[in-house]
Amino acid sequence: DTEVTQTPKHLVMGMTNKKSLKCEQHMGHRAMYWYKQKAKKPPELMFVYSYEKLSINESVPSRFSPECPNSSLLNLHLHALQPEDSALYLCASSQYLGVMNTEAFFGQGTRLTVV
Amino acid sequence: AQSVSQHNHHVILSEAASLELGCNYSYGGTVNLFWYVQYPGQHLQLLLKYFSGDPLVKGIKGFEAEFIKSKFSFNLRKPSVQWSDTAEYFCAVSPGTASKLTFGTGTRLQVTL
């Protein structure tokens with residue numbers, strides 16, 4: 001199983017809503033990532049978890065709150081988002097963080113629209 | 001911090017034409033290099049990767065890439081493209097001891113029949 005599964009695939013939310021994006025992998029990977037991809041732009045790193053602990057926060061606004069409840073799951077909690085936060089949110093995992101020769105596996109993404 | 005440049009933003013080719021997409025990076029240390037493809041409406045898929053060893057790397061679907069260290073380049077090639085190769089192609093770099101990917105701006109490849 002080399003899949004990273006993200007749910008939901010599409011999400012429309014209002015600016016006052018609270019929602020969560022979910023990501024799951026069963027490859028035994030200990031590093032998990034959230035990326036944000038705006039239309040016609042490359043993915044940009046948001047957060048990195050290593051062994052369920054937050055390792056990197058790329059200065060992401062606090063209205064995005066990541067959570068890693070166990071080694072297979074990664075959530076992204078959303079609250080009070082703005083229309084400019086509309087994007088494709090990609091989850092990825094890799095075997096380890098900080099180790100040479102590691103590749104990341106990406107999920108299909110959640111396409112988020114904030115209205 | 002590392003950065004990645006893809007100079008071809010939009011490439012249009014006829015089927016059976018040869019493809020070369022440029023990728024240059026800036027980083028002073030050891031790097032891992034990747035090419036990802038994103039078909040319309042689909043997720044990022046790894047085409048090929050370079051960690052070390054033979055600088056000519058072969059990937060899936062007939063793609064290959066050559067790492068030229070002196071030029072900080074990792075260009076993607078395919079001898080004969082197919083209509084199904086229509087997609088967005090991203091070059092990405094991670095430092096040798098980290099898994100943090102930096103992506104180039106992407107190249108949209110359109111293959112016409």
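Results, tabulated for the structure shown:
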read-out: Count - residues of the stretch B:13-64 that are of a type in the set (Gly, Ala, Ser), modelled with pLDDT of 95 or more and in contact with a Gly (Cβ under 7 Å, 6 or more places away or on another chain); value: 0
read-out: Residue within the stretch B:41-50 that is within 14 Å of chain A (Cβ to nearest Cβ) and more than 24 Å from B:Val111 (Cβ to Cβ) present; value: yes
read-out: Index of the failed condition, A:Leu54 passing every other in (1) within 28 Å of B:Glu88 (Cα to Cα); (2) open to solvent by 20 Å² or more (accessible area, probe 1.4 Å); value: (1)
read-out: Some residue of the stretch A:56-66 being touching a residue at least 40 places away in the same chain (Cβ under 8 Å) and among the small types (Gly, Ala, Ser); value: no
read-out: Matching entry among A:Leu11, A:Leu74 (being open to solvent by less than 20 Å² (accessible area, probe 1.4 Å) and modelled with pLDDT of 95 or more); value: A:Leu74
read-out: Residue check, A:Gln95 out of contact with any Asp or Glu (no Cβ under 9 Å at 6 or more places or on another chain), in contact (Cβ under 8 Å) with a residue 60 or more places away in the chain and open to solvent by 40 Å² or more (accessible area, probe 1.4 Å); value: no
read-out: Filter result (open to solvent by 70 Å² or more (accessible area, probe 1.4 Å), within 11 Å of chain A (Cβ to nearest Cβ) and under 16 Å from B:Thr107 (Cα atoms)) within the stretch B:1-40; value: B:His9, B:His10
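A quick yes/no check of all residues on (1) assigned to a strand (DSSP E or B); (2) touching a residue at least 24 places away in the same chain (Cβ under 8 Å):
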position	(1), (2)
A:Val12	yes, yes
A:Thr16	no, yes
A:Leu21	yes, yes
A:Glu24	yes, yes
A:Gly28	no, yes
A:Met32	yes, yes
A:Pro42	no, no
A:Tyr49	yes, yes
A:Leu54	yes, no
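The values are calculated or read from the model by the stated rules, or taken from the named source; none is laboratory data. Here the structure is a predicted model, which is why all the values come from computation and not from measurement. Don't worry about glycine lacking a Cβ; one is built from the backbone with ideal geometry, like all the others, and counts go over all protein chains shown. Side chains included, ligands, DNA and RNA excluded: accessible areas come from the protein's heavy atoms. Shrake-Rupley method; radii C 1.70, N 1.55, O 1.52, S 1.80 Å.
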